[in-house]
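The values are calculated or read from the model by the stated rules, or taken from the named source; none is laboratory data. Since this is a predicted model, take the numbers as computed values, not measurements. Here the Cβ positions follow ideal geometry from the backbone for every residue, glycine too, while neighbour counts run over all protein chains shown. To get the accessible areas, we keep the full protein, side chains included, count just its heavy atoms, and leave off ligands, DNA and RNA. Shrake-Rupley method; radii C 1.70, N 1.55, O 1.52, S 1.80 Å.
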Amino acid sequence: MNAERAALISSLGATVQAALATTRALTDAQARLPSGDEGWPLVIVAYHIGLGLRRQAGWIARALTAEAPFAFDWEGTHELNAVIAREHGALPPDEAVREIEEAWARLRTVIDRMEDGDWDRDVFAFNGRLRSADVVLSRIMLRHVTDHLESMRRTLAATTAGAT
């Protein structure tokens, strides 16, 4: 594995661990707080991080299976997110933790099977533009986890600041 990809995976792993720590530390009241960015309960934002990792691991795995690139569209993604937020808003934080842990393990399994040449294969398509597994890792996965984790942190900080 090249050094740049290894550094990205390490950075993603550290961010996933931070998301896990943040989720584990949620009180029941904090878990139900609506996030400032998404408008979902914080526990759903955490669960969404895990679901995103699981979904994106599936995109990367297409490099191994020679499946056609995943055709991404925002409409279907927004509909899926709305259903999850509506139906799982009372989810306990430990289930969100479990989803993140299992999704990270799945991604690590896929990564461990990847050869250097697999990372160049197109696995994702959006608006007619193809993206390689490397691009999914560097521009989609890391940003997805980072952005949602920061949303959780901002919401918690604003709540704490408002309580003092």
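General remarks:
- This model, with +1 at the C-beta of Lys and Arg and -1 at the C-beta of Asp and Glu, gives region 23-86 a dipole about its Cα centre of some 280 debye.
- When a 1.4 Å probe is rolled over the protein heavy atoms, the share of accessible surface on the chain that falls to carbon and sulfur comes to 52 percent.
- Model label points for Arg153 and Ala71, set 7 angstrom from Cα along the Cα-to-Cβ axis, are 3.8 nm apart.
- Segment Gln17-Arg108, length gained on full extension (0.36 nm per residue, minus Cα span): 31.4 nm
- Computed over the chain with a Gaussian network model linking Cα atoms closer than 10 Å, the most mobile of Asp122, Asp94, Asp112 is Asp112.
- Region 63-107: C-alpha gyration tensor shape, a/c 1.5 cut-off, then a/b vs b/c: oblate
- Distance-filtered residues of region 72-95 - backbone nitrogen under 17 Å, label point 7 angstrom along Asn127 Cα→Cβ: 72-78
- Among the helices of the chain, those built from whole DSSP H runs whose Cα atoms reach 20 Å or more along their own axis and whose mean Kyte-Doolittle hydropathy is at least 0.0 are 3-24, 42-65.
- For the chain, the Cβ-based charge dipole about the Cα centre amounts to some 220 debye (Lys, Arg positive; Asp, Glu negative; other atoms uncharged).
- Surface analysis of region 68-115 yields an accessible area of 60 Å² per residue, using protein heavy atoms and a 1.4 Å probe.
- Cβ-defined net charge surrounding Gly89, 14 Å radius [Lys, Arg +1; Asp, Glu -1]: -2
- Part-to-part distance (alpha-carbon centres) for region 43-62 and region 100-164, which is given in Å: 7 Å
- Computing Rg and the Kirkwood Rh from the Cα coordinates of the chain gives a ratio, Rg/Rh, of 1.00.
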